[in-house]
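Student: This is the structure I have questions about; it appears just below.
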Amino acid sequence: MPRFAALVAALALLTLPAAAPAQTTVVRTADPAKRGLKESDFPRTTKVADNVYTYEDFHAGPEKFTTTNMFVIYDDGVLVADGQGTPAATKGLVDAIAKITPKPIKYVVICSDHGDHTGGNKAFPPDVKYVVHPLSKAALDRESERGGAAEGPPARGAAARWRLPIDAELVFARKPLVVRGEDIQVLFLGRAHTGGDLTVYLPRKKILFLSETFLNRVFPAMRSAYPSDWLKALDRAEAMKADLYIPGHGFTESGPVSKEELAAFRKALAAVVAEATRLYKARVPVDEAVKKANWGEYASWTLASSQGPIAVRRVYEELSGALK
């Protein structure tokens, strides 16, 4: 009997389900260190679908977070959505593409005209076709004449040596690009982080690259933003019900997480606008409002300390009618 009991016990152990593998929990943050990533992990290329990749490199500045690009390989070429902030960083993107495909880069979509996305454009092949919104084209032309980048120090000087070609294709609302092997649409969902924000949509794969319309766990940066329009642009993006939303800053997520993070960013932007509006309606002078603003949970987001005061001033400008 003892032997029989031992045999029964052993058989029972064999029929028990295997222990579930340990789940890795990703911290929802733009800070690579908090995600357990090292500086040596970047730049990095991530495949998100067949022939569709993102490229992440560090944005210049004291806080570490990524500037994210998308590139799409089609039958006879490559489309790139956004560049990096310096020629060296954009050359890194070009080299990363060359490691994946020998096909030439034929299109570069300027989704954001800011310097951290355009300052390295001289590193793209000289014969690429640029696609841009008219407002972004005007901004880039003005800054080229002044000898600077469209915004910010990361690309200042570098952008002065690059001028948007006069044959750039303009997108006012929607432009399907005629390429073989992929359906690519360039869309203007409305003014958001800049006046001419463009997005790139792959309808067959339901992937939407939002550039700076979507900042993944990065505090809403509003130096040249249109706060109310930005909220509407995010509403339009969510209404498209893409399977994957790719940000212009912050990490590339899995499809389900990207939907959650897009909703989280929309909520953050609404909260920032609401707090600044509260102070404006209470007639708090803008210099005092900058100090009194309470960002709640968003105070811990990347760039909150530097971008919070800018957001207050920008919302005040909108509410006072200074933004047109």
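Student: Calculate the length of the line joining the C-alpha centroid of the range 74-137 to that of the range 160-196, in whole Å.
Tutor: 12
Student: Within 10 Å of each residue's Cβ, count the other Cβ atoms and sort His249, His114, His193 from fewest upward.
Tutor: Ordered by Cβ neighbours within 10 Å, fewest first: His249, His193, His114.
Student: Let me ask something additional. Among Met70, Met240, what is the fewest-to-most ranking by other Cβ atoms within 10 Å?
Tutor: Met240, Met70
Student: Calculate one ³J(HN,Hα) per residue across the range 28-41 by plugging θ = phi - 60° into the Karplus curve 6.51 cos²θ - 1.76 cosθ + 1.60, and present them in order as whole Hz with x for glycine and proline.
Tutor: For the range 28-41, the Karplus curve yields 7, 7, 8, 7, x, 4, 5, 8, x, 9, 10, 4, 5, 6 Hz.
Student: While we're looking at this one, here's another question. Collect residues whose amide H, placed 1.01 Å from N in the peptide plane, falls under 5 Å from the amide H of Val108; neighbours closer than 5 in sequence don't count.
Tutor: Those qualifying (amide H under 5 Å, at least 5 residues apart or on another chain) are Val80, Lys129, Tyr130, Val131.
Student: Run the quick spin-label model on Arg223 and Phe172: label points 7 Å from Cα toward the beta carbon, then report their separation in nm to one decimal.
Tutor: My value for the distance between the label points is 3.1 nm.
Student: Also, quick follow-up: Add -39500 (n - 2.57) for each DSSP H run of 4 or more in the chain, then divide by its residues: what number comes out at 222 nm, to the nearest 500 deg cm²/dmol?
Tutor: Calculated at 222 nm, the ellipticity per residue is -10500 deg cm²/dmol.
Student: Any idea what the relative contact order of the chain is, in percent, if you count C-alpha pairs under 8 Å spaced at least 6 apart?
Tutor: Rounded, it is 13 percent for the chain.
Student: For the chain, with the dipole built from +1 on Lys and Arg beta-carbon atoms and -1 on Asp and Glu ones, taken about the Cα centre, which of Leu93, Ala271, Ala225 lies farthest toward the positive end?
Tutor: Ala271
Student: Shifting gears a bit: Using the count of nearby Cβ atoms within 10 Å as a rough guide to exposure, how do Ser228, Ser136, Ser306 rank from fewest to most?
Tutor: Result, fewest neighbours first: Ser306, Ser228, Ser136.
Student: Restricting to bridges with both residues inside the range 36-254, how much of the DSSP beta-bridge set is antiparallel, in percent to the nearest 5?
Tutor: 65
Student: Turning to a different aspect of this structure: May I ask for log10 I(q)/I(0) of the range 180-278 at q = 0.18 Å⁻¹, from a Debye sum over the Cα atoms as equal point scatterers with solvent left out?
Tutor: Computed log10 I(q)/I(0) values: -0.76.
Student: Can you check what the net charge comes to around Pro285, using other residues whose Cβ is under 15 Å from the Cβ of Pro285 (Lys, Arg +1; Asp, Glu -1)?
Tutor: +3
Student: Please list the non-local residues whose amide H lies under 5 Å from the amide H of Thr68, H modeled 1.01 Å from N, same-chain partners needing a gap of 5 or more.
Tutor: For Thr68, whose amide H was placed from the backbone, the distant partners under 5 Å are His249, Gly250.
Student: Do any of Lys129/Lys206; Lys137/Lys206; Lys175/Lys206; Lys34/Lys64; Lys34/Lys241; Lys241/Lys324 go past 22 Å between their Cα atoms, and which?
Tutor: Listed pairs above 22 Å: Lys129/Lys206; Lys137/Lys206; Lys34/Lys241; Lys241/Lys324.
Student: Wrap a convex hull around the Cα atoms of the range 36-254, take a quarter of its surface area, and give that in square nanometres.
Tutor: The number I arrive at for the range 36-254 is 11.1 nm².
Bear in mind these aren't lab numbers, they're just calculated from the coordinates by the rules spelled out. The structure presented is a predicted model; accordingly, all values stated were derived computationally and were not measured. Cβ atoms come from the backbone with ideal geometry, glycine included; neighbour counts cover every protein chain shown.
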